[in-house]
Each structure stands twice: as structure tokens, then as C-alpha cells.
Amino acid sequence: MNYYNEIKNELVNNEVYKRVKDYSKNRSDLNAYYNVGRLLFEAGKQYGQSIIKQYAEKLKIELDRKYNERTLRRMRQFYILLKNEKWSPVASKLSWSHYTELLSIKDVNKIAYYIQIIEKYNLSKRELRDKIKSKEYERLDDNTKEKLIKKEENKITDFIKNPILIKNRYDYKNISEKILKQLILEDLENFLVELGDGFTFINSEYKIKIGDRYNYIDLLLFNIKYNCYVVAELKVTELRKEHIGQVQIYMNYIDKNIKSMSHDKTIGIIICKKDNKFVMEYSSDERIFETTYAIN
């Protein structure tokens, strides 16, 4: 087989197709680059990996400078990734630019996670790059990663990041609970995404009356996907046992006075500066969860 001519024809046909069928550019690109990657893979086995450099030099002259050695190696890597994992080369919401970001990742489980959220949230290339840079996958719990691999059902807290990243746009040196809340509210959309799926904002400093005293819930949220209220408390210290008691009282209040029969039980999330696994180990309320925050 003349691998070079096959590769050239695949790329030429793709360029022609894209001009005629503009709406199918992405599908055409992915199919073409997958086929080119396959041909490069087979040619490399027969002639050695240096053949890619030779093909690139000819293609740059005969077709376009964009078909350089780096691009061809990416196509080969693209083919190997999809072949080994048995993924479709034309995943509906992924473009070639998405894949070029993902190809630098070695862990296929991590790649699978990002493919999933690209499709779910229609992420642009820049948004994907930001998530990779923020180490979003690494900030998931190990149990969540295991569930993703096994494709098991998730629960509401599985995708809470640890730590949650909060932007310090005013470069505060000393972060109090008041300032922490202010930073969260000024970048609320990002904060809700950091918590995971389906979180919506109800109010901050949500006032409740227990006995003859008023208390204030830092953040009252609702999760649409899991149909429950969420009490979020902010702590700029290490997690303490009294924090759990406080959140538990707030959760019970919401369950008794606010939630309806159609809602699931309220959950609580304590967002603290430093975790304390010993405290959580002896907490008997499985509706309370803890994570940390990091100011960036």
C-alpha cells in the first residue's frame, strides 16, 4: 500500500468536503484525522516512526503547512486513543480542538471524564483548558472516580470538588467568613459548578428562628437534580465537632419547617479551611459532608 497517497487523498477529500458541506465540518475532520492516524500507525509499523516526518515534509509542500509533523503525530495519537478505548471518532459535541487538549493527558479515565463533561455542558476549548488547568478531575473523591470507571450511579455529593477553588479578585490577605462569603457570591455561578450537578442558589444569611433567637444559614441552596435543600456553612478554620452540630440543627429546621413532602431530606455541606477526618469519622449523620476551599 502507498500510505502517503492514501493519507494525502484522505486530507484532500476532507478539505473539499468541508467547503461543500459546511455544517458537517467537525464530523468530517474527526473521520479524516482518525483514518489518517490509522494509516500513520500502520505505516510506522512497516517503515518506522521517522516516516511521519517524511510525510509531513511532503504534505506541507503539496497541501498545506498546517499538516506538519506535530499535527500528524496528534492524528496518530488520536487514532490510538480511540482504537484502544473503543470510542467513536465522531462524538457529537467534541471538536478536533477539544481532542488536541485531551491528547496531552495520559490517564484514559481522566480523558473519559472530560469527554463526559464537554458533552454535558457544551464546553468550549477554552473552558475545557481551564478545567484541566484547575485539576478538576484530581479534585474529585477517589470513590467518585471509581464510580465513573464502573459507570455506577452517583449521589449528590460525588462531584463536590476538594478543594473548591474560590477567586480572590481583590487580593485579600486575611480571609474572614464574611469575606469568603462575599467572594463566593460575586462568582456564584462558578461556585455552584464547583459543587457539582443541579445546585441552585436560594439566599445567603438565610434567617431562621430557633426558640426566641434568630440564626443565619450562610448559604441556602437547592439541588434540582436530587430534589432537596442544601445547607452550606463556611468556616475559615479546621473542621470542628461543633460545626457538625450547628449544620445538623439547621438541616433539621429546614426539614421540619421549609421542605415539602415531595422533597428529599436536606443535606449539609461544611466548607472549611482544613479538613478533619477524625471528626467526620465519628459523625453519625450521613447527610453531612465536608470539603475544603482554596483561594486562588
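For this structure, a couple of remarks:
- Residue pairs meeting the criteria (Cβ under 8 Å; at least 6 apart or on separate chains; first in contact (Cβ under 8 Å) with a residue 12 or more places away in the chain, in region 134-159; second open to solvent by 90 Å² or more (accessible area, probe 1.4 Å) and not aromatic (Phe, Trp, Tyr)): 156/225; 158/143
- Candidate set: region 265-296, residues that are polar (S, T, N, Q) and out of contact with any helix residue (DSSP H, G or I) (no Cβ under 6 Å at 6 or more places or on another chain); chosen: the one surrounded by the most Cβ atoms within 10 Å (Cβ to Cβ): 291
- Hits in region 208-224 - residues which are part of a strand (DSSP E or B) and either within 16 Å of residue 256 (Cβ to Cβ) or of a type in the set (A, V, I, L, M, F, W, C) (or both): 208, 209, 210, 215, 217, 219, 220, 221, 222
- Hits in region 179-203 - residues which are of a type outside the set (A, V, I, L, M, F, W, C), in contact (Cβ under 8 Å) with a residue 12 or more places away in the chain and within 17 Å of residue 167 (Cβ to Cβ): 181, 186, 187, 190, 194
- For region 1-16, taking the residues that are among the aliphatic types (A, V, I, L, M) and open to solvent by 60 Å² or more (accessible area, probe 1.4 Å), the one that is farthest from the chain's Cα centre (by Cα) is identified as 1.
- Selection count, region 232-249, where residues are open to solvent by 40 Å² or more (accessible area, probe 1.4 Å), in a helix (DSSP H, G or I) and among the aliphatic types (A, V, I, L, M): 1
- Any pair with Cβ under 7 angstrom, 6 or more apart, that starts in region 53-64 at a residue that is free of Cβ contacts under 8 Å to residues at least 24 places away in the same chain and ends at one that is of a type in the set (A, V, I, L, M, F, W, C): 56/72
- Among the residues of region 27-47, the ones that are open to solvent by 50 Å² or more (accessible area, probe 1.4 Å) and modelled with pLDDT under 90 come to 1 in all.
- Residue-level analysis places residue 208 outside the set of residues that are open to solvent by less than 90 Å² (accessible area, probe 1.4 Å), touching a residue at least 40 places away in the same chain (Cβ under 8 Å) and closer than 22 Å to residue 155 by Cα.
- Tallying residues that are open to solvent by less than 70 Å² (accessible area, probe 1.4 Å), charged (D, E, K, R) and in contact with a strand residue (DSSP E or B) (Cβ under 7 Å, 6 or more places away or on another chain) within region 188-205 yields 1.
- Residue 284 vs. criteria of a type in the set (Gly, Ala, Ser) and touching a residue at least 24 places away in the same chain (Cβ under 8 Å): no
- Selection status of residue 19, open to solvent by 60 Å² or more (accessible area, probe 1.4 Å) and modelled with pLDDT of 95 or more: no
The values are calculated or read from the model by the stated rules, or taken from the named source; none is laboratory data. Computed from a predicted model, the values in this text were never measured in an experiment. Using ideal geometry, Cβ is built from the backbone for each residue, glycine included, and neighbour counts are taken over all protein chains shown. Calculation scope for accessible area: heavy atoms of the full protein, side chains included, ligands and nucleic acids excluded. Shrake-Rupley method; radii C 1.70, N 1.55, O 1.52, S 1.80 Å.
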